[in-house]
Structures are given as C-alpha cells and as structure tokens.
1. Evaluate the following for B:LYS111: is it away from DNA strand D (no atom under 16 Å from the Cβ) and under 25 Å from A:ARG16 (Cβ atoms)?
2. Kindly indicate which of A:GLY59, A:GLY96, A:GLY74, A:GLY125 is within 24 Å of A:GLU34 (Cβ to Cβ) and among the small types (Gly, Ala, Ser).
3. Scan the stretch A:68-81 for residues that are within 19 Å of A:ARG98 (Cα to Cα) and either more than 9 Å from DNA strand C (Cβ to nearest atom) or surrounded by 13 or more Cβ atoms within 10 Å (Cβ to Cβ) (or both) and jot them down.
4. In the stretch A:32-41, how many residues are over 14 Å from the mean Cα position of the chain (by Cα) and touching a residue at least 40 places away in the same chain (Cβ under 8 Å)?
5. Just to be sure, is B:ALA51 within 14 Å of the chain's Cα centre (by Cα), of a type outside the set (Asp, Glu), facing chain A (nearest Cβ under 7 Å) and away from DNA strand C (no atom under 12 Å from the Cβ)?
6. Among residues belonging to the stretch B:101-133 that are in contact with a strand residue (DSSP E or B) (Cβ under 7 Å, 6 or more places away or on another chain) and not in a helix (DSSP H, G or I), point out the one that is nearest to DNA strand C (Cβ to nearest atom).
7. For the condition modelled with pLDDT of 95 or more and at positive phi, what is the one hit in B:GLY78, B:GLY87, B:GLY109?
Protein chains: 2
Amino acid sequence: MVAGPTSVGPGKDRLRLWIRLLRASRTIEAELRERLKKEFDTTLPRFDVMAALYRSPEGMLMSDLSRFLLVSNGNVTGIVDRLVSEGLVTRARRNGDRRTSMVRLTEEGSKSFAAIAAAHEGWVGELLGNVSEEEARRLTGMLKSFRSNWEGRE
Amino acid sequence: MVAGPTSVGPGKDRLRLWIRLLRASRTIEAELRERLKKEFDTTLPRFDVMAALYRSPEGMLMSDLSRFLLVSNGNVTGIVDRLVSEGLVTRARRNGDRRTSMVRLTEEGSKSFAAIAAAHEGWVGELLGNVSEEEARRLTGMLKSFRSNWEGRE
DNA sequence: CGAAATTATTTCAAGCTTAAAGTTTTATAA
DNA sequence: TTATAAAACTTTAAGCTTGAAATAATTTCG
C-alpha cells in the first residue's frame, strides 16, 4: 500500500496520489502516536475517542462513536473499557432504551483531554509547517470531495 | 484524531487539513482492506509487503522492508512469517552476513500479487474517481513536500 | 398479542502494531 | 586478540483492529 505503482499507463496518477496520501498520513500518524505515548502516556485511539466526546458534552452512544471514528463496534468497546477503568470516561445505561449506553468524558477526562489537545494542535502545526495556511485551505477543499463519489453506495 | 478542531484561532487550517487527510486515507484504506479480504482473502499488510518485494526481484532485507513500509521490525517478522507459511515468500539466510536474510516473492507469490495489484489499481481509480487526473497530479505534488520539513531530524 | 426482524452492544478469534528486551552475528578498537 | 559496541533480527506483552457470532432489548406486523 505504501509502495509505488507496479507498472505505468493510464490511471496511474490516481494510484500515485493514493500512495502519497497514505505515506503522508502514516508518517504524521506515527510521529503523533510516538509523542502521545512519550509526553502523555496515551494512544491515538484513546485520543480519538476523547476528542469525539469532548465535542459532545451530552454524550455519545457506542454506535455514534463507531460511526464517527470509522472503526468497528467491537473496537470501540475495548477502548472505552480501558478509558472507563482509568476514570476518564463513564458509560451510563439509558432508561429509554436499555440496549444503549451514553458515553461521556468525566471531569478528569475533560481536563486531561484539553491539555493533550493543545499539545496535539501544536504538533500538527509543526509537522505540517511547510504547508502554508493558504495551501492548507486549498488542500482541505480538495480532500472534501473524496468521499462523495462512492461511499454510501449500497 | 478524526474529530474536528476543538477550538478556533490561528493555526487551525493545518489541523483541519490533517483531519481531512486522515479521514480520507482511513475511509479509502477501510474500503480497500474490505475488498482485499472479500475478493482475495488477504490483508493490507500482506499486500504492502508483497508490493515492496514485487518491485525488488533481487529481494529485500527485513530491515529494508521495515524502513520502506514505515512499520516496526517486529511487525515485519510476523507478516513475513505468515507469508512464508503460505508459500508466497521465501526467507534465505545469507552467507556474507548471517544475521540477515533476503526475503523474496516465490513464483506463486509473484503471480498472486500481480492479479491482486491489477484489481487494486482499479479500485483506487474508482475510489478516487472524482479527482481528475490533473488534480491528482497537483495534489501529489503538494503532498511530496509534507515530509521534508521535519523528518530525519534523528 | 406474540413471532420475527431489527438494533445496540459485547464477545471472540485471528491478525496487526508498537516499544522494549533478548539473541546472534559482525565490527571496532584497546 | 578479546572485550565491547553495534547491527539485524526475533520475541514478548500490551493494546488495537476487524468480521463474525452471540446477547439482549426494542420494534414491526400478521
């Protein structure tokens, strides 16, 4: 996935783009993961879950988290389990529908996340330092159109 | 990591870009992974390793693979183990330096990869279908400059 | 109502991933 | 030489990830 095209011909430009995209995101992701570990003794998946919850003070269902983070249900279960056991998150059974549970950041989780998020934003700014703000906006615009074409087919 | 910025202010454009980039690559990666599984009963990491080896008929060292694919040494060990057990790859001890081993695709591995790679290229073309070839080239160019700024610091 | 389908979630097995520690081999240099 | 360091790789423990199967609660509809 991270290697170059194996032949030449038409349609290769999209393949090259995909490989660049993947290499860029993997490189940055690896660096962020390492810093999260070293500086805050946490992981990217935990950060992702906490970031989602931080934006939803009212809480999120497990399936909301799963959908939003683009990962499987079972995956979220494990990550939330660990966050709960660390006191950063709560899982509250709902009266209305007892299949679901509302997941929320605790006070401690919220404080903890705010500190990590500030550092995280700085790191991203640093790692993408040679992309101008103007260029960043243009790239962002281009990337927005990626999904619309095919997702949600079936 | 996949959530939006948690506040507004200067420097947010790079954070937005990073989030878009990550969402785009995760979405596409998930779709490719699913198709590799369904159509060829294989995985993305296996595909990555085979793609790297396909481009190096003379073979690669474990550490070459690790560096090229941006993953840890131990990770490559496991994936190559499984590919060897499936007869797709060989690991040959070298006379010159007996710490190292040269990893190569077998005949079967090479044939198998060629078929998967053809399908893979088609999928990428499809998934990035609403990015024009021209736009793909421009985006690729922009992404090239990502790493140079900070990586290789040591 | 009550069976059947749907929805939300958890559990499970297998594989991926990392960082750190361990093994073996090669290189360095006192 | 021969200790010591360095390099290449494997192993390990912990956590992440998926898809599929299992549970439990709710909804649908005959």
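The values are calculated or read from the model by the stated rules, or taken from the named source; none is laboratory data. Keep in mind the model is a prediction, meaning the values are calculated, not measured. Every residue, glycine among them, receives a Cβ derived from its backbone with ideal geometry; neighbour counts consider all protein chains shown.
1. yes
2. Values: A:GLY59 fails: within 24 Å of A:GLU34 (Cβ to Cβ); A:GLY96 fails: within 24 Å of A:GLU34 (Cβ to Cβ); A:GLY74 fails: within 24 Å of A:GLU34 (Cβ to Cβ).
Testing whether each residue is within 24 Å of A:GLU34 (Cβ to Cβ) and among the small types (Gly, Ala, Ser) leaves just A:GLY125.
3. Start the filter on the stretch A:68-81 by keeping residues that are within 19 Å of A:ARG98 (Cα to Cα), which leaves A:73-74, A:76-77, A:80-81.
Those that are within 19 Å of A:ARG98 (Cα to Cα) and either more than 9 Å from DNA strand C (Cβ to nearest atom) or surrounded by 13 or more Cβ atoms within 10 Å (Cβ to Cβ) (or both): A:VAL76, A:THR77, A:VAL80.
4. Of the residues in the stretch A:32-41, 3 are over 14 Å from the mean Cα position of the chain (by Cα) and touching a residue at least 40 places away in the same chain (Cβ under 8 Å).
5. Working: within 14 Å of the chain's Cα centre (by Cα): yes; of a type outside the set (Asp, Glu): yes; facing chain A (nearest Cβ under 7 Å): yes; away from DNA strand C (no atom under 12 Å from the Cβ): yes.
Here the answer is yes, as B:ALA51 does meet what is asked.
6. Initially, the stretch B:101-133 is screened for residues in contact with a strand residue (DSSP E or B) (Cβ under 7 Å, 6 or more places away or on another chain), giving B:101-106, B:109, B:113.
With the extra rule that they be not in a helix (DSSP H, G or I), the set shrinks to B:101-106.
Numbers: B:SER101: 11, B:MET102: 14, B:VAL103: 15, B:ARG104: 19, B:LEU105: 16, B:THR106: 17 Å.
Among residues in the stretch B:101-133 that are in contact with a strand residue (DSSP E or B) (Cβ under 7 Å, 6 or more places away or on another chain) and not in a helix (DSSP H, G or I), the one nearest to DNA strand C (Cβ to nearest atom) is B:SER101.
7. Details: B:GLY78 fails: at positive phi; B:GLY109 fails: at positive phi.
After applying the criteria, what remains is B:GLY87.
A quick yes/no check of all residues on (1) more than 17 Å from A:TRP18 (Cα to Cα); (2) away from DNA strand C (no atom under 13 Å from the Cβ); (3) at pLDDT below 95:
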{"site": "B:GLY11", "(1), (2), (3)": "yes, yes, yes"}
{"site": "B:ARG14", "(1), (2), (3)": "yes, yes, yes"}
{"site": "B:ARG46", "(1), (2), (3)": "yes, no, no"}
{"site": "B:SER56", "(1), (2), (3)": "yes, yes, no"}
{"site": "B:MET60", "(1), (2), (3)": "yes, yes, no"}
{"site": "B:SER66", "(1), (2), (3)": "yes, no, no"}
